[in-house]
Amino acid sequence: MNIRVQTEVFDLGTEVEALRAGRLDVGAVASFVGYARDINDGSDVTAMTLEHYPGMTEKALVTLADEAAVRWSLIDVSIVHRVGRLLPGDPIVLVAVASRHRGDAFAACEYLMDALKTRAPFWKKEETPTGERWVDARESDAAAASRWEAKPQG
């Protein structure tokens, strides 16, 4: 398991290869990369700053990865989340999941992103032409995460 919170840019290819390095039992890797946008809620965004509590945030991400490993048959999980000041187009988050079969990889990757959006302790402040604003959690993210509560384990 690879869980990192960092300011540095990550490389998708390097991260995916690390998941399967030396393993012939990996049949699938599903990944998701989230990027900073230049617009949110109808307003231009010139930059955003992501904050976290070191130690607590990593522990929460490990818990989410452990939950996914209980629900699906996984070989490995990588979660890399950036913090600090980011510009539109910058990569923010990577979730990559290795498993024997694609169904487990796809489901676990989607679950982890939904859980990250609602349960990971990050705080986001956007810079706009009219000033700075803290970003509240979205109801759509909560709705996406809630669908996993009723689903049986894989």
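Kindly express, to the nearest 10 degrees and within the range 0 to 90, the angle between helix 102-119's C-alpha long axis and the longest C-alpha principal axis of the chain. Rounded to the nearest ten degrees, it is 30.
Which value, in debye to the nearest 20, describes the size of the charge dipole of the chain about its Cα centre when Lys and Arg Cβ atoms bear +1, Asp and Glu Cβ atoms bear -1, and nothing else is charged?
On the way: 18 positive and 24 negative charges, 80 e Å.
Dipole of the chain, to the nearest 20 debye: 380 debye.
Ranking Leu116, Leu19, Pro88 by Cα position along the charge dipole of the chain, where only Lys, Arg, Asp and Glu carry charges on their C-beta atoms, puts Leu19 farthest toward the positive end.
Which is the longest part of the chain that has none of the GluC sites (Glu not before Pro) sitting in a DSSP loop with at most 11 other Cβ atoms within 10 Å?
Values: sites that count: Glu8, Glu149.
That would be 9-148.
Eight or more residues apart or on different chains, and alpha-carbon atoms under 20 Å: count the Lys pairs in the chain matching that. Could the numbers behind the result be given before it?
Numbers: Lys59/Lys117; Lys59/Lys124; Lys117/Lys125; Lys117/Lys151.
Lysine pair count for the chain: 4.
Just for region 21-145, what percent of DSSP beta bridges are antiparallel, to the closest 5? Here the share of antiparallel DSSP bridges comes out near 100 percent. Spin-label pair Glu149-Arg37: with each label point 7 Å from Cα along the Cα-Cβ axis, the two points sit 2.5 nm from one another. Placing unit charges on the Cβ atoms of the charged side chains and taking the dipole of region 2-146 about its Cα centre, the candidate lying farthest along the positive direction among Ala105, Ala143, Gly34 is Ala105. Among the trypsin sites (Lys or Arg not before Pro) in region 95-148, those located in a DSSP loop and surrounded by at most 15 other Cβ atoms within 10 Å of their own Cβ are Arg100, Arg138, Arg147. The modelled label-to-label distance for the pair Lys125/Val9, using points 7 Å beyond Cα in the direction of Cβ, is 2.5 nm. Note on Leu24 and Val62: the model spin-label points, each 7 Å out from Cα along the C-beta direction, lie 3.3 nm apart. Its relative contact order, with pairs defined as Cα atoms under 8 Å and 6+ residues apart, puts region 2-146 at 34 percent. Each principal axis of the Cα cloud of the chain was evaluated for its coordinate range; sorted largest first, these ranges are 52, 35, 28 Å.
Bear in mind these aren't lab numbers, they're just calculated from the coordinates by the rules spelled out. Because the structure is predicted, anything quoted here is derived from the model rather than measured. Backbone-built Cβ (ideal geometry, glycine too); neighbour counts: all protein chains shown.
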